[in-house]
Every structure is written in structure tokens, then in C-alpha cells.
Amino acid sequence: MTIGPLTFTPVDLKSYEDVCVQFSEDAFVESFGDAKRFHEEDGKGSERYRVWLRERLAKDPTSVVLVWNASKIIGQVTAGKWKVDPSVGYVSLYYLIPEMRGKGIATQLLKKVCEVALEEGFDFVEAYPNSEFTSTEEDFMGTVSMFEKAGFIRCYEAGNKTVMRKALNR
């Protein structure tokens, strides 16, 4: 697939709720090896995610966006703001379909996240990549080097995660 200019659209639940559920489930498979944590013991994880997604979008319609390459949806980004410090935005999910991974698209997504955060009045964006590369599946939040190239600085280590922050210029 040729990579053209990417576009980002808020999720239209009537049309794309199932896509978001599929992407979230796949993110669990990529992160943990299977979807058990997504579905949980009662098998109702998909239903819970749909409720969460509807509530999230009702509060903040731009917090979950789809990523498009021409007319094909190739990913999803979910972002938010810290409850303890609303000047700090964060990304809780960067998701790309398998055939689009490893092509530098995450760098484009990160740039867009920072642009939107600045437009929405955030002072900082944080990221939580693994401190050391483990595998493509485990590093779904991007790599420390990717964030450093985008101007993020290392703040501190928390387990195997590096808390990274970028000050947004106003």
C-alpha cells in the first residue's frame, strides 16, 4: 500500500464503532499475545469497550480519532488529559493495522498529536514507551528514540517504562 498524506477524523460511532472495537482487541493481542484481557473472564469486554467509547466521545468528541490513508482506515489514536494536571495531554493508544507498521507512520501520528494538543491549549504532551526495546508487539507506544527525535525529554523511569514529556511552544 502506498502511503499518502494521512488524515485524521473523529470517530463516527454509527459508521465505525465496530472498527474501533476490532482495533482495540487487536492492540491487546499485539501487546499481550491474545485477547483474554480485552474480553475478560465474562467475555463482555467488547460490550464494556463500546460503553467506554460512547462515554468518552460524548465528553470529548476529538479524543478518539481514526487515521486514514486515502480512503482506507489504517489506525486509531486515543488521547486525553491528565486529571491531576489538565495542562498535560497524553496518548493512551497508537494503533496501526499490521501492514502499515514499521513505515514511519507513528512519527507522523506523534507530530499530529502534538499539533492538536497545542491547538487545544495543552502545555505538555507525555508518552510512556518501554525503557528498552523488547519487541514490535511490546513497543506499541513507540520507542524512546522516536520520542527523543520528536523533542521529548526523559523525565524518569517507572518500571520498564520511561516517562517522556515534550513542552509545546506557544
Please list log₁₀ I(q)/I(0) at q = 0.14 Å⁻¹ for the chain, using the Debye equation with identical point scatterers on the alpha-carbon positions. -0.77
Per-peptide average of other Cβ atoms within 10 Å, ordering 21-30, 148-157 highest first: 21-30, 148-157
Estimated inter-spin distance, ASP85 and ALA158, nm [label 7 Å along Cα→Cβ]: 1.1
Label points 7 Å out from Cα along the Cβ direction at VAL29 and GLU41: separation in nm? 2.5
Enumerate by residue number the trypsin sites (Lys or Arg not before Pro) in region 55-115 meeting two conditions: DSSP loop (anything except H, G, I, E, B), and at most 10 other Cβ atoms within 10 Å of the site's Cβ. LYS83
How far apart, in nanometres, would the label points at SER145 and ALA70 be if each is projected 7 angstrom from Cα along the Cα-to-Cβ direction? 3.1
For region 52-122, which semi-axes, largest first and in whole Å, follow from the square roots of 5 times the eigenvalues of its Cα gyration tensor? 22, 15, 10
Under the rule of at least 5 residues apart or a separate chain, name every residue whose amide H is placed under 5 Å from the amide H of VAL11. VAL64, LEU66
Of the accessible area of the chain, with the probe set at 1.4 angstrom, what percent is carbon plus sulfur? 54
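What does the accessible area per residue of the chain come to in Å², with a 1.4 Å probe and no ligands, DNA or RNA counted?
Accessible surface, normalised per residue, equals 57 Å².
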Considering only the chain, what is the antiparallel percent among its DSSP beta bridges, to the nearest 5? 90
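Roughly what % antiparallel, to the nearest 5, for the DSSP beta bridges in region 71-133?
Antiparallel bridges make up about 70 percent of those DSSP assigns within region 71-133.
The values are calculated or read from the model by the stated rules, or taken from the named source; none is laboratory data. Bear in mind that the values here come from a model prediction, so they are computed numbers and not experimental data. In this analysis, Cβ positions are derived from the backbone assuming ideal geometry, glycine residues included, and neighbour counts consider all displayed protein chains. Just the protein is used for accessible areas: all its heavy atoms, side chains included, with ligands, DNA and RNA removed. Shrake-Rupley method; radii C 1.70, N 1.55, O 1.52, S 1.80 Å.
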